[in-house]
Structures are given as C-alpha cells and as structure tokens.
1. State all residues of the range 63-88 that are free of Cβ contacts under 8 Å to residues at least 40 places away in the same chain and open to solvent by less than 70 Å² (accessible area, probe 1.4 Å); if no residue qualifies, say none.
2. Looking at the range 113-132, which of its residues are of a type outside the set (Phe, Trp, Tyr), in a helix (DSSP H, G or I) and surrounded by fewer than 20 Cβ atoms within 10 Å (Cβ to Cβ)?
3. Just to be sure, is Ile155 closer than 18 Å to Ala13 by Cβ and surrounded by fewer than 21 Cβ atoms within 10 Å (Cβ to Cβ)?
4. I want to confirm something. Restricting to the range 28-60 and keeping residues that are out of contact with any Gly (no Cβ under 8 Å at 6 or more places or on another chain) and of a type in the set (D, E, K, R), which single residue is nearest to Gly133 (Cα to Cα)?
5. Given the structure, is Thr102 open to solvent by less than 30 Å² (accessible area, probe 1.4 Å), part of a helix (DSSP H, G or I) and among the polar types (S, T, N, Q)?
6. Scan the range 54-86 for residues that are in contact with a Phe, Trp or Tyr (Cβ under 6 Å, 6 or more places away or on another chain) and assigned to a helix (DSSP H, G or I) and jot them down.
7. Could you figure out which of (1) in contact with a helix residue (DSSP H, G or I) (Cβ under 8 Å, 6 or more places away or on another chain); (2) more than 30 Å from Val42 (Cα to Cα); (3) open to solvent by 50 Å² or more (accessible area, probe 1.4 Å) isn't true of Val91?
8. State all residues of the range 1-47 that are part of a helix (DSSP H, G or I) and among the polar types (S, T, N, Q); if no residue qualifies, say none.
Amino acid sequence: MASSLTCVGVVWALLSFLSAVASCVGFFMPYWLLGSQMDKPVSFGTFRRCSYPVLDEERRATVMLEQCGRYASFQGIPSLEWRICTVVTGVGCGLLLLVALTALMGCCISDLISRAVGRAAGGIQFVGGLLIGSGCALYPLGWDSEEVRQTCSNISNQFELGSCEIGWAYYCTGGGAAAAMLLCTWMACFAGKKQKQYPY
C-alpha cells in the first residue's frame, strides 16, 4: 500500500482528523452555554437546546421538559447572531472534515497529495478554522436573547454570562479550530511528497 504522504503528512492527516472531529462534535452538542431555569439544568448550543419550558395542560402551569432537541425551524433559533454562528461554524466544520478525509485517503493512495495539493489543503483548513473561530466569537452576542436571559437569572447580556457558564462543547469546537488553523495549516505545507519527474 503506497502513501502519498511524508512522515509529517501522516501526522498531519491524523491531527486533521482529530481537530475536525473535535470541532464537529462540539458544534453538534448543545453544551455551549450552561445554566438553570425553574431549578432544572438548561444548556444551549448554536441550534440545539436541552430542557425547555412547556405548558402543562392538566396543571395549567409551565413545567420544564428535560430533553434535548433542535429548534423547530431556523427562525426559531433565539438570535440572529446564533443563526449566523450556526451557518458559519457548520461551513467551517464541513471544510475541516473534507480536508481530513482527503488527508486520510492520502495515507493509502499514492500520488493523491502532492506538495501543491497539501498547501491548498492547508489553506482550506485555515479558512475552515477561521470560520469556526468567527462563529465562536459571534456566539456571545446572542446572550442577550430572551431565552438565554431567562436561563441566566435575567442578568445576562452580550459578553456577560450572568449566572450561566460556558460549557465544554464551546471549548471543544474552538480547540479543534485552533489546532486546524495553527498546527494543521503549517504541517500541510510539508505533507505531500515531491512529484516524481517522468521523462517522456
């Protein structure tokens, strides 16, 4: 089985896969922001939420339904900033996954990744990491939405958490993006083998 990657390239492929998985798992999980409402734990992602209030018809009271789910529609996401964050972060995760899977295939297929292709892949990883980083930077702008304020003791605001705290998924997403931007982009420049010159 021939590889088109150098030793650095194999490490790059593995690190690319790990950073893409970290970013994608963090993006999908609804644990970016943690708080409580009606003495129940509540958590938010960019497009998902765990525990939400519903009207109990029998008791004619609001109760917390303790389950996770997506918002019913894209417009149901609590703030414009979170909608933008969802799109930007999703595109960035898609780019990181595309490069990571290509890099892993480069471990098994000869002549797939040359130096030029490696550099292009590094550029794509940089853009993907930048998009995810932008999404992470936009996320706190949505902390002033009504849903978040109810969860964070009505004292949260943009870049002010109130009684809430940042969850592990936010750090996982940002960490994957940082690894892609800083390490993978650099390693991609040395990932591909030099093309053999064939005399014709």
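1. Val63, Met64, Leu65, Cys68, Gly69, Tyr71, Ser73, Gly76, Ile77, Arg83 - these are the residues of the range 63-88 that are free of Cβ contacts under 8 Å to residues at least 40 places away in the same chain and open to solvent by less than 70 Å² (accessible area, probe 1.4 Å).
2. Arg115, Ala116, Val117, Arg119, Ala120, Gly123, Ile124, Val127, Leu130, listed by residue number.
3. The answer is no for Ile155.
4. That would be Lys40.
5. So Thr102 fails the test.
6. Cys85, Thr86
7. Checking Val91 against (1) in contact with a helix residue (DSSP H, G or I) (Cβ under 8 Å, 6 or more places away or on another chain); (2) more than 30 Å from Val42 (Cα to Cα); (3) open to solvent by 50 Å² or more (accessible area, probe 1.4 Å), the one that fails is (2).
8. Result: Ser16, Ser19, Ser23.
The values are calculated or read from the model by the stated rules, or taken from the named source; none is laboratory data. The model shown is predicted, which means the values in this text are computed figures rather than measured ones. No Cβ is skipped: glycine too gets one built from the backbone with ideal geometry, and neighbour counts run over all protein chains shown. The accessibility values were calculated without ligands, DNA or RNA, using every heavy atom of the protein model including side chains. Shrake-Rupley method; radii C 1.70, N 1.55, O 1.52, S 1.80 Å.
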